[in-house]
1. Over the chain, what is the mean sequence separation of C-alpha contacts under 8 Å (at least six apart), divided by residue count, expressed as relative contact order in percent?
2. Quick one: if you stick a label point 7 Å off each Cα along the C-beta vector at Ser57 and Ala99, how many nm between them?
3. Report ³J(HN,Hα) in whole Hz for each residue of the range 41-48, in order, from the Karplus equation J = 6.51 cos²θ - 1.76 cosθ + 1.60 where θ = phi - 60°; Gly and Pro get x.
4. What ranking do 12-19, 60-67 get when scored by the average of other Cβ atoms within 10 Å per residue, highest first?
5. In whole percent, and with a 1.4 Å probe on the protein chains, what portion of the accessible area of the range 1-73 is carbon and sulfur?
6. Give the cross-link partners of Lys42 among the lysines, using a straight C-alpha distance below 23 Å as the criterion and excluding same-chain residues fewer than 8 apart.
7. From the phi of every residue in the range 99-115, what ³J(HN,Hα) in whole Hz does the Karplus formula 6.51 cos²θ - 1.76 cosθ + 1.60 yield, where θ is phi - 60° and glycine or proline is x?
8. Mark the label point 7 Å from the Cα of Lys123 along Cα→Cβ and return the residues of the range 10-46 whose backbone N is within less than 15 Å of it.
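The values are calculated or read from the model by the stated rules, or taken from the named source; none is laboratory data. All of these numbers come straight from a predicted model, not from anything done at the bench. Cβ: placed from backbone, ideal geometry, glycine included. Neighbour counts: every protein chain shown. Remember, those area values only see protein heavy atoms, side chains included, never the ligands or the DNA or RNA. Shrake-Rupley method; radii C 1.70, N 1.55, O 1.52, S 1.80 Å.
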Amino acid sequence: MFTEIDRGLPSVLERLVRDPGRWILVIEQGEGGRYLQFLALKGGTLVAEVSSNQFLSGDDEWTADDAARLVSFGWQQPEKAAGAPNYYRVSPKPSGVGAAAQLAITTLQDVFGMRPEDVLGVKLYESQSESTAA
(Lines give C-alpha, C1' and ligand atoms only; values in the text may rest on other atoms or scores of the structure.)
Protein backbone atom coordinates (compact mmCIF):
# COMPACT_ATOMS: atom_id res chain seq x y z
CA MET A 1 0.00 0.00 0.00
CA PHE A 2 1.06 3.58 -0.60
CA THR A 3 1.19 4.35 3.15
CA GLU A 4 3.90 1.68 3.58
CA ILE A 5 5.99 3.29 0.84
CA ASP A 6 5.45 6.70 2.44
CA ARG A 7 6.78 5.39 5.76
CA GLY A 8 9.56 3.13 4.52
CA LEU A 9 11.05 4.79 1.43
CA PRO A 10 13.60 7.03 3.20
CA SER A 11 15.16 4.13 5.12
CA VAL A 12 15.20 1.85 2.08
CA LEU A 13 16.97 4.50 -0.01
CA GLU A 14 19.47 5.14 2.82
CA ARG A 15 20.29 1.43 2.87
CA LEU A 16 20.72 1.24 -0.91
CA VAL A 17 23.12 4.19 -1.19
CA ARG A 18 25.23 2.88 1.70
CA ASP A 19 25.48 -0.64 0.23
CA PRO A 20 28.56 -1.28 -1.92
CA GLY A 21 26.42 -2.64 -4.77
CA ARG A 22 24.50 -0.89 -7.53
CA TRP A 23 20.75 -1.05 -6.95
CA ILE A 24 17.59 -0.23 -8.91
CA LEU A 25 14.33 0.28 -7.02
CA VAL A 26 11.19 0.58 -9.17
CA ILE A 27 7.78 1.74 -7.91
CA GLU A 28 5.01 1.08 -10.46
CA GLN A 29 1.47 2.38 -10.67
CA GLY A 30 -0.79 -0.23 -12.22
CA GLU A 31 -0.36 -1.72 -15.67
CA GLY A 32 -0.10 1.52 -17.65
CA GLY A 33 3.62 2.06 -17.44
CA ARG A 34 3.82 4.94 -14.95
CA TYR A 35 6.76 4.40 -12.65
CA LEU A 36 9.23 6.10 -10.40
CA GLN A 37 12.65 4.49 -10.09
CA PHE A 38 15.86 4.99 -8.17
CA LEU A 39 19.33 4.01 -9.25
CA ALA A 40 21.78 3.81 -6.33
CA LEU A 41 25.34 3.98 -7.64
CA LYS A 42 28.57 3.00 -5.95
CA GLY A 43 29.85 5.99 -4.01
CA GLY A 44 26.42 7.09 -2.76
CA THR A 45 24.98 8.89 -5.78
CA LEU A 46 21.23 8.43 -6.15
CA VAL A 47 19.50 8.99 -9.50
CA ALA A 48 15.70 9.21 -9.38
CA GLU A 49 13.50 9.02 -12.48
CA VAL A 50 9.83 9.37 -13.37
CA SER A 51 8.59 7.78 -16.58
CA SER A 52 8.14 10.22 -19.45
CA ASN A 53 5.53 10.13 -22.19
CA GLN A 54 8.08 8.34 -24.37
CA PHE A 55 7.15 5.22 -22.38
CA LEU A 56 3.46 5.98 -21.76
CA SER A 57 0.38 5.95 -23.97
CA GLY A 58 -3.29 6.89 -23.89
CA ASP A 59 -4.76 7.83 -20.52
CA ASP A 60 -1.45 7.12 -18.80
CA GLU A 61 0.40 9.92 -20.61
CA TRP A 62 1.21 12.98 -18.53
CA THR A 63 -0.81 16.07 -19.36
CA ALA A 64 0.91 19.41 -19.93
CA ASP A 65 -0.14 20.36 -16.37
CA ASP A 66 1.36 17.13 -14.99
CA ALA A 67 4.63 17.80 -16.83
CA ALA A 68 4.73 21.36 -15.50
CA ARG A 69 4.15 20.10 -11.94
CA LEU A 70 6.98 17.57 -12.26
CA VAL A 71 9.37 20.35 -13.28
CA SER A 72 8.07 22.71 -10.58
CA PHE A 73 8.70 20.01 -7.94
CA GLY A 74 12.35 19.81 -9.01
CA TRP A 75 12.46 17.07 -11.64
CA GLN A 76 14.69 17.81 -14.65
CA GLN A 77 13.01 17.51 -18.03
CA PRO A 78 13.86 14.47 -20.17
CA GLU A 79 16.95 14.93 -22.35
CA LYS A 80 16.89 12.14 -24.93
CA ALA A 81 20.06 13.34 -26.66
CA ALA A 82 21.92 13.21 -23.33
CA GLY A 83 20.70 9.68 -22.59
CA ALA A 84 18.04 10.78 -20.08
CA PRO A 85 14.66 9.83 -21.61
CA ASN A 86 12.78 10.28 -18.30
CA TYR A 87 12.27 13.12 -15.85
CA TYR A 88 15.20 12.84 -13.45
CA ARG A 89 16.99 14.18 -10.43
CA VAL A 90 20.49 13.37 -9.22
CA SER A 91 21.52 13.43 -5.55
CA PRO A 92 25.32 13.18 -5.65
CA LYS A 93 25.76 12.54 -1.93
CA PRO A 94 24.00 10.17 0.47
CA SER A 95 22.86 13.22 2.44
CA GLY A 96 20.39 13.99 -0.38
CA VAL A 97 18.42 10.79 0.15
CA GLY A 98 15.82 12.33 2.47
CA ALA A 99 15.00 15.05 -0.05
CA ALA A 100 14.82 12.47 -2.86
CA ALA A 101 12.40 10.34 -0.83
CA GLN A 102 10.22 13.37 -0.04
CA LEU A 103 10.20 14.38 -3.72
CA ALA A 104 9.12 10.86 -4.65
CA ILE A 105 6.28 10.83 -2.10
CA THR A 106 5.07 14.27 -3.21
CA THR A 107 5.21 13.16 -6.85
CA LEU A 108 3.29 9.96 -6.14
CA GLN A 109 0.60 11.91 -4.30
CA ASP A 110 0.29 15.06 -6.41
CA VAL A 111 1.11 13.84 -9.93
CA PHE A 112 0.41 10.09 -9.89
CA GLY A 113 -2.69 10.79 -7.76
CA MET A 114 -1.95 8.07 -5.20
CA ARG A 115 -4.09 7.79 -2.07
CA PRO A 116 -3.09 6.05 1.20
CA GLU A 117 -5.09 2.91 0.39
CA ASP A 118 -3.78 2.53 -3.19
CA VAL A 119 -1.54 -0.38 -4.08
CA LEU A 120 1.77 0.06 -5.92
CA GLY A 121 4.17 -2.50 -7.34
CA VAL A 122 7.72 -2.44 -5.96
CA LYS A 123 10.71 -4.21 -7.50
CA LEU A 124 14.35 -4.24 -6.44
CA TYR A 125 17.22 -5.28 -8.70
CA GLU A 126 20.96 -5.46 -8.29
CA SER A 127 22.74 -4.36 -11.45
CA GLN A 128 26.24 -5.24 -12.59
CA SER A 129 26.27 -2.47 -15.22
CA GLU A 130 28.49 0.57 -14.75
CA SER A 131 26.16 2.76 -16.85
CA THR A 132 24.15 5.49 -15.14
CA ALA A 133 21.13 4.59 -17.28
CA ALA A 134 18.75 2.30 -15.47
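1. 35 percent
2. For Ser57 paired with Ala99, the spin-label model returns 3.8 nm.
3. Result, rounded to whole Hz: 9, 4, x, x, 6, 10, 10, 10.
4. 12-19, 60-67
5. After summing per-atom areas, the C and S share lands at 50 percent.
6. Lys93, Lys123
7. Result, ordered by residue: 5, 5, 5, 5, 4, 4, 5, 4, 5, 4, 6, 8, 10, 6, x, 6, 10 Hz.
8. 23-39
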